[in-house]
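S.K.: What follows is a structure written as structure tokens; I'll ask about it next.
The values are calculated or read from the model by the stated rules, or taken from the named source; none is laboratory data. The shown structure was predicted, so the numbers you read here are calculated from the model rather than taken from an experiment. In this analysis, Cβ positions are derived from the backbone assuming ideal geometry, glycine residues included, and neighbour counts consider all displayed protein chains. Only protein heavy atoms, including side chains, enter the accessible area calculation; ligands, DNA and RNA are left aside. Shrake-Rupley method; radii C 1.70, N 1.55, O 1.52, S 1.80 Å.
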Amino acid sequence: MGSKWSKDDALIWLSGGGLVLGCLMVAGLFLVIVVHGLDRFWPQDLTRYTLHDGGVVLGHEASREDVLTTNARGERSVAYRLRIRTGDRDRYPDDYVWLEEGRVTWRDVPREAVVVEQVRGGDLFGFLDSFVDDGTVVALGYDDVWALYQEGYPELERLRRQRSLSIVLSSADGRPSTISLADVQRIYTPNAMTAWTRIRHYMASAWSYLWAPPRDENRQGGVFPAVFGTAAMVILMSVVVMPFGVLAAFYLREYGKPGPFLNAVRIAVNSLAGVPSIVFGVFGLGFFVYFVGGILDRQFFPEALPGPTFGRGGILWCSLTLALLTLPVVIVAVEEGLAAVPSGLREASHALGATRFETLWRVVVPVVLPSILTGLILSVARAAGTVAPLMIAGVVAFSADLPVDGEWPFVHLDREFMHLGFHIFDTGFRPGEGDAALSMAYTSTLLLLAIVVALNAAAIGLRSRLRRHYSLAAP
Amino acid sequence: MTDRARGRRIDRRRLLDLLFGRLAALGGIALILTILAVFAVILWVIYPLFLSPAEYRWDTPGPDGIESGYGILPLIFGTLKGAVYTLLFAVPVSVLAALYASQFLPRSLKENLKPLVEIMAAVPSVVLGFIGGIWLAPFLASHVFALFLAPVFIAGTVLTAFLVRHHAPVRFLVFNHPGREFWLLLAAVLAGGWLALECGALLEAAYLHAGYETWLEESLGLTYEERNAIVVGMVMGLAVTPIIFTISEEALSAVPRSFSEGSMSLGASRWQTAIRIVLPAAGAGILSAVLLGFSRAIGETMIVLFVSGNVPAMDWSAFSGFRALSANVALELPNAARDDSLYRVLFFAAFLLLVSTFAINIVAELVRRRLRRRYA
């Protein structure tokens, strides 16, 4: 028996390998996202690379890779090259530069190197040279300028509007550049930071990422408008999808009489669940935006024609499109809940003389409330992660206006809006631009994944609680 | 209370019941109308294409309307290519995993697996696409050998782990505890992957002086594009795996226990039972799972957009990219003017996606129903 059984078990193990491989790939995916997404805010040391042709580059190492080189005599050797983020987009439009390691003769970490975050444009790396107030130099050298900046040159915030305060920054190889203080978001000295200040810096950066508007074509700054836009759209969508979905589920499980019509409704739900998301986008564009939007424009906004008001992509059309997309999610979740309600409950209620509606409203709905909530959460998670249809129906990479603000009528359903998922697409998919926006995209990916996973975990928790409730209640 | 008052009260209750019933039915009607509207709107936009043969050319002009661009055929081809490579990757992994989970995994672990799979299914496709295009594609481009070594090496380490456990002295049999073998498997797969990476790098350094790209070019005539069908297969495979896994696992678990008990009592081993009895019995369910995965892969947009390279090429090479219908719609529709011929052709592309996924889903559903009827 021995050998045959062992060969057999070996094959079982191999099939187990498939399962483990799948789990590992998911774990790897999450790991990559977490690692790359979290390291954006950590203040990295700035290294000064002195090259043997006299050049100097200041920046931090992004990656190091080996290059196989063959010399004139055909001997092969491995050399390494470094990819340095330079914070000098004037000279290196890509923000990055490749350095062969052999060319570097000396590297050091100068304490006084600073990072200047600009309001527009990317980060600048360099050394503080002087502090200029209306044309007169008021401080010279790193220590004085830094001290002045830190203590807030008499009421910096107020002054920066009235007078032309500026800072002269010299790059690694000594070229000076003048930056108006009005354009400076923040200055910090990563190399002089202690662990504790680094952590505080990290927290502050992460906080401002969540609450600040984007800068520099989404490469810098925060994602607040994207998160806000996603939330607004999702809320609008829930308002539409929840009543519709719950009603449809009630029809399917409680009211519908078995027959061709019920079958047709069920087929409709199944086919709706199978429609690719992009097709919903196409439908949203053709129906909501151009057809319904066109009618609304002609009826209610004729003064704006031919300029479209609702006849172009906007948050209302996006949320309606996603409402169709998430409808099956809600229906399935509520149906599952309805199926779990013991039929004895319903029968008892009927036996006491209640009508179907009374039974539903007083007995069944309170019991399936957690399922309805599960459906809501799952549909919200689905909508937060869906991007393809929105690209067609009115999401934009950058919008200065929020869909809800203090301006009459406060809720602007016709506005284009920003979406977290589309923000990832916008920052992560820029053929020809290089990697300047990638770290932003990683962080937004982490944020979106965290939101979606948290929502799904909540739904799973709710459902298992519900299930346990009934397995305990059953005799 | 008089009889009249009671009657009115009852009437109101009945009326409410009736009204709500009608309202719910209206919800059902609205559902049917929705799916019909999706078809109707798209057909409404595309029917002029069929009326004027001049506009119906199976190709899309570029956004500027001057260049003739590429036809819609390469896009159909691209969509199919992506879906096929996805299945090549997803079917073995998910069906093996489902077989293991349904037949051999202890129940407690199986319960833990379910939420994991659910979370995996919930990962937004833009996240998968982004990681696939930005992280995985460059990573694989620099570890091509490891990619091909990995299946062999992982199988090797898994078998080694098995032999070690099987022949280990009794005091090491902590691993024999049901469920613990999972951790040993995990270690084995990790080790296999790591070995493949290392050996791949060694092989490449030792044999391919000019790098694998030149080698591929010279010896096989293939060009390696960073964003290619293999990467699409892996990433979209990850998106499709939860679907195929869940449905096949369901189908496998639904096979009556009497089948496997009968088989084992006749002397068949666990593996023989799983492969010869349970798997064929659940065949229809697995087929429908694969079909559903196929239809999901056809409609998937963000992943192909990020990972496929979006070049309208027509070859089956695993190392070249493609442009899919869905990605094409997403890229070009925002710039298409309303009622332009490009606009209509893109709607036609969406129509193709809609009809094909619809048809595949119906077939899958029919197959599944047949299975259910058989074991009901």
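Quick grid of which residues meet (1) of a type in the set (Gly, Ala, Ser); (2) crowded, with 20+ Cβ neighbours inside 10 Å:
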{"position": "B:328", "(1), (2)": "no, yes"}
{"position": "B:333", "(1), (2)": "no, yes"}
{"position": "B:337", "(1), (2)": "yes, no"}
{"position": "B:355", "(1), (2)": "no, no"}
{"position": "B:359", "(1), (2)": "yes, no"}
{"position": "B:366", "(1), (2)": "no, no"}
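S.K.: Return yes when residue A:396 is within 14 Å of another protein chain (Cβ to nearest Cβ) and open to solvent by less than 50 Å² (accessible area, probe 1.4 Å) and no when it is not.
M.R.: Yes: the conditions hold for residue A:396.
S.K.: Further, regarding this structure: Just to be sure before I move on: is residue A:246 under 24 Å from residue B:353 (Cβ atoms) and out of contact with any Asp or Glu (no Cβ under 6 Å at 6 or more places or on another chain) in the structure I sent?
M.R.: Judged against the criteria, residue A:246 is not a match.
S.K.: Yes or no: residue B:311 surrounded by fewer than 18 Cβ atoms within 10 Å (Cβ to Cβ), over 30 Å from residue A:288 (Cα atoms) and touching a strand residue (DSSP E or B) at 6+ places or on another chain (Cβ under 8 Å)? Can you show your working first?
M.R.: On the way: surrounded by fewer than 18 Cβ atoms within 10 Å (Cβ to Cβ): yes; over 30 Å from residue A:288 (Cα atoms): yes; touching a strand residue (DSSP E or B) at 6+ places or on another chain (Cβ under 8 Å): yes.
Yes; evaluated as a whole, the condition is true for this residue.
This table checks each residue for (1) exposed (fewer than 12 other Cβ atoms within 10 Å of the Cβ); (2) at pLDDT 85 or above; (3) out of contact with any strand residue (DSSP E or B) (no Cβ under 8 Å at 6 or more places or on another chain); (4) small (Gly, Ala, Ser).
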{"residue": "A:137", "(1), (2), (3), (4)": "no, no, no, no"}
{"residue": "A:140", "(1), (2), (3), (4)": "no, no, no, no"}
{"residue": "A:164", "(1), (2), (3), (4)": "no, no, no, yes"}
{"residue": "A:171", "(1), (2), (3), (4)": "no, no, no, yes"}
{"residue": "A:175", "(1), (2), (3), (4)": "no, no, yes, no"}
{"residue": "A:219", "(1), (2), (3), (4)": "no, no, yes, no"}
{"residue": "A:229", "(1), (2), (3), (4)": "no, yes, no, yes"}
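S.K.: Just wondering, is there one or more residues in region A:85-107 that are at pLDDT 85 or above, closer than 29 Å to residue A:220 by Cα and open to solvent by less than 70 Å² (accessible area, probe 1.4 Å)?
M.R.: no
S.K.: Give just the number: which of (1) at the interface with chain B (Cβ under 10 Å from one of its Cβ atoms); (2) part of a loop (DSSP other than H, G, I, E, B); (3) of a type in the set (A, V, I, L, M, F, W, C) does residue A:278 not satisfy?
M.R.: Exception for residue A:278: condition (2).
Okay, residues lined up against (1) more than 17 Å from residue A:218 (Cα to Cα); (2) open to solvent by 10 Å² or more (accessible area, probe 1.4 Å); (3) modelled with pLDDT of 85 or more; (4) more than 13 Å from the chain's Cα centre (by Cα):
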site: A:392; (1), (2), (3), (4): yes, yes, yes, yes
site: A:400; (1), (2), (3), (4): no, yes, no, yes
site: A:404; (1), (2), (3), (4): yes, yes, no, yes
site: A:425; (1), (2), (3), (4): no, yes, yes, no
site: A:432; (1), (2), (3), (4): no, yes, no, yes
site: A:440; (1), (2), (3), (4): no, no, yes, no
site: A:446; (1), (2), (3), (4): no, yes, yes, no
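S.K.: Could you check region B:310-337 and list, in sequence order, the residues that are of a type outside the set (A, V, I, L, M, F, W, C) and closer than 30 Å to residue B:143 by Cα?
M.R.: Across region B:310-337, the qualifying residues are B:310, B:312, B:315, B:317, B:320, B:321, B:323, B:326, B:328.
S.K.: Would you pick out the residues in region A:244-260 that are facing chain B (nearest Cβ under 8 Å) and either free of Cβ contacts under 8 Å to residues at least 24 places away in the same chain or hydroxyl-bearing (Ser, Thr, Tyr) (or both)? Can you show your working first?
M.R.: We begin by selecting, within region A:244-260, every residue facing chain B (nearest Cβ under 8 Å); these are A:244, A:247-248, A:250-252, A:254-256.
Once the filter is applied, which keeps residues that are facing chain B (nearest Cβ under 8 Å) and either free of Cβ contacts under 8 Å to residues at least 24 places away in the same chain or hydroxyl-bearing (Ser, Thr, Tyr) (or both), region A:244-260 yields A:247, A:251, A:255, A:256.
S.K.: Name the residue that is farthest from the chain's Cα centre (by Cα), counting only residues in region B:277-293 that are among the β-branched types (Val, Ile, Thr) and either open to solvent by less than 10 Å² (accessible area, probe 1.4 Å) or within 15 Å of residue B:97 (Cα to Cα) (or both). Even if it seems obvious, please write down each step before you answer.
M.R.: Step one: of region B:277-293, the residues among the β-branched types (Val, Ile, Thr) are B:277-278, B:286, B:290.
Among the residues that remain, those that are also either open to solvent by less than 10 Å² (accessible area, probe 1.4 Å) or within 15 Å of residue B:97 (Cα to Cα) (or both) are: B:278, B:286, B:290.
On the way: B:278: 23, B:286: 13, B:290: 8 Å.
Ranking the candidates gives B:278 first.
S.K.: Looking at region A:271-280, is at least one residue out of contact with any strand residue (DSSP E or B) (no Cβ under 6 Å at 6 or more places or on another chain) and farther than 29 Å from residue B:124 by Cα? I'd like the intermediate steps shown before the answer.
M.R.: First, pick out the residues of region A:271-280 that are out of contact with any strand residue (DSSP E or B) (no Cβ under 6 Å at 6 or more places or on another chain): A:271-280.
Checking the rest, the ones that are also farther than 29 Å from residue B:124 by Cα come to none.
Looking through region A:271-280, none of the residues is out of contact with any strand residue (DSSP E or B) (no Cβ under 6 Å at 6 or more places or on another chain) and farther than 29 Å from residue B:124 by Cα.
S.K.: Regarding residue A:58, is this residue modelled with pLDDT of 85 or more, more than 9 Å from chain B (Cβ to nearest Cβ) and open to solvent by 20 Å² or more (accessible area, probe 1.4 Å)?
M.R.: On the way: modelled with pLDDT of 85 or more: yes; more than 9 Å from chain B (Cβ to nearest Cβ): yes; open to solvent by 20 Å² or more (accessible area, probe 1.4 Å): no.
No.
S.K.: Which condition number in (1) among the small types (Gly, Ala, Ser); (2) modelled with pLDDT of 90 or more; (3) buried (at least 19 other Cβ atoms within 10 Å of the Cβ) is the one that residue A:457 fails?
M.R.: For residue A:457, the failing item is (3).
S.K.: Moving on to the next point. Scan region A:357-376 residue by residue and report those that are touching a Leu at 6+ places or on another chain (Cβ under 7 Å) and within 11 Å of another protein chain (Cβ to nearest Cβ).
M.R.: A:357
S.K.: In region A:406-423, what residues are within 23 Å of residue A:296 (Cβ to Cβ) and open to solvent by less than 20 Å² (accessible area, probe 1.4 Å)?
M.R.: A:412, A:417, A:419 - these are the residues of region A:406-423 that are within 23 Å of residue A:296 (Cβ to Cβ) and open to solvent by less than 20 Å² (accessible area, probe 1.4 Å).
S.K.: Go over the candidates A:354, A:323 one by one and state the one that is within 24 Å of the chain's Cα centre (by Cα) and within 11 Å of chain B (Cβ to nearest Cβ).
M.R.: Being within 24 Å of the chain's Cα centre (by Cα) and within 11 Å of chain B (Cβ to nearest Cβ) holds for just one of A:354, A:323, which is A:323.
S.K.: Could you tell me whether region B:95-109 includes any residue that is in a helix (DSSP H, G or I), open to solvent by less than 50 Å² (accessible area, probe 1.4 Å), touching an Asp or Glu at 6+ places or on another chain (Cβ under 6 Å) and not hydrophobic (A, V, I, L, M, F, W, C)?
M.R.: yes
S.K.: Can you give me the number of residues within region A:340-372 that are more than 18 Å from residue B:24 (Cβ to Cβ) and of a type in the set (Asp, Glu)?
M.R.: So the count comes out to 1.
S.K.: Determine whether residue A:238 is within 11 Å of chain B (Cβ to nearest Cβ), of a type in the set (S, T, N, Q), in a helix (DSSP H, G or I) and open to solvent by less than 40 Å² (accessible area, probe 1.4 Å).
M.R.: no
S.K.: Taking the stated definitions as given, is residue B:346 in contact with a strand residue (DSSP E or B) (Cβ under 8 Å, 6 or more places away or on another chain), closer than 19 Å to residue B:73 by Cβ and either crowded, with 20+ Cβ neighbours inside 10 Å or touching a residue at least 60 places away in the same chain (Cβ under 8 Å) (or both)?
M.R.: Taking the combined requirement at face value, the residue satisfies it.
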